[in-house]
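Shown next, in structure tokens, is the structure this report addresses.
Every read-out reported here was derived from the displayed coordinates using simple, explicitly stated rules and does not represent laboratory data. Please read these numbers as outputs of a predicted model, since none were measured by experiment. Positions of Cβ are generated from backbone atoms using ideal geometry, with glycine treated the same way; all protein chains shown enter the neighbour counts.
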Amino acid sequence: MLVQRAILFATEAHHGQVRKYTGESYIVHPLEVMEIVKTVPHTPEMLAAAVLHDVVEDTDATLSDILNEFGFDVHHLVADLTDVSVPSDGNRKVRKHLDLIHTSKSLPQSKTIKLADLISNSKSITEHDPNFAKVYMREKAALLKVLTEGDPTLYVRAKKIVDDYYAN
């Protein structure tokens, strides 16, 4: 029930949004992240947070909305997964560093979801935007250093993606 409610909420929140490179409905990405999380030990709260992980950053939904709709546990995970930086904090490098510090303090369950997000996003970005991929993969290499408490299987998958990118 919790996961189904999260899927409905995220689908409605992301309504009309499309993926940058493919043009497919945006909800495909959060659902893919959730499916990746399903492949490792997880809880219903983790699956709900996986599908909700972008709603606060990319829609009108707020962390208060998540708390009211899904309770503290899902709210905590989504808060961990939501970037804390804002444009006025500085350039991308400064903002990503602030977000990295935030992620470093996250719950292991949040780090597992973040690994799944990295896995999901990396393929699309490296395939469709080689110039941005250089910046993105450098950021993900740094991010991996603070995601070691996430699921070990997903960590290995994510690290392989980054390592393979730099091997080519």
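For this structure, a couple of remarks:
- Selection count where residues are more than 22 Å from I101 (Cβ to Cβ) and either within 14 Å of the chain's Cα centre (by Cα) or of a type in the set (K, R) (or both), scope the range 126-168: 3
- So A50, is it among the small types (G, A, S) and either in contact with an Asp or Glu (Cβ under 6 Å, 6 or more places away or on another chain) or buried (at least 19 other Cβ atoms within 10 Å of the Cβ) (or both): yes
- The residue that is surrounded by the most Cβ atoms within 10 Å (Cβ to Cβ), counting only those in the range 71-86 that are assigned to a loop (DSSP other than H, G, I, E, B) and not acidic (D, E), is T82.
- Selection of the range 1-51 for residues being closer than 17 Å to I119 by Cα and of a type in the set (K, R) yields R19, K20, K38.
- Top-ranked residue in the range 87-111 [being among the β-branched types (V, I, T) and surrounded by fewer than 17 Cβ atoms within 10 Å (Cβ to Cβ); ranked as nearest to K160 (Cα to Cα)]: I101
- Residue within the range 87-102 that is touching a residue at least 12 places away in the same chain (Cβ under 8 Å), part of a helix (DSSP H, G or I), closer than 30 Å to L2 by Cα and in contact with a Lys or Arg (Cβ under 7 Å, 6 or more places away or on another chain) present: no
- Exclusive hit being touching a Lys or Arg at 6+ places or on another chain (Cβ under 6 Å), in a helix (DSSP H, G or I) and either closer than 20 Å to V33 by Cβ or of a type in the set (V, I, T) (or both), set I119, I113: I119
- Restricted to the range 1-70, the set of helices (runs of 4 or more DSSP H) holding at least 1 residues that are out of contact with any strand residue (DSSP E or B) (no Cβ under 6 Å at 6 or more places or on another chain) and touching a residue at least 60 places away in the same chain (Cβ under 8 Å) comprises 2-13, 28-38, 44-52.
- All positions within the range 112-135 that are free of Cβ contacts under 8 Å to residues at least 60 places away in the same chain and surrounded by fewer than 18 Cβ atoms within 10 Å (Cβ to Cβ): K123, P130, N131, F132, A133, K134, V135
- Qualifying residue in the range 112-126 (condition: over 23 Å from E45 (Cα atoms), of a type in the set (A, V, I, L, M, F, W, C) and touching a Ser or Thr at 6+ places or on another chain (Cβ under 6 Å)): no
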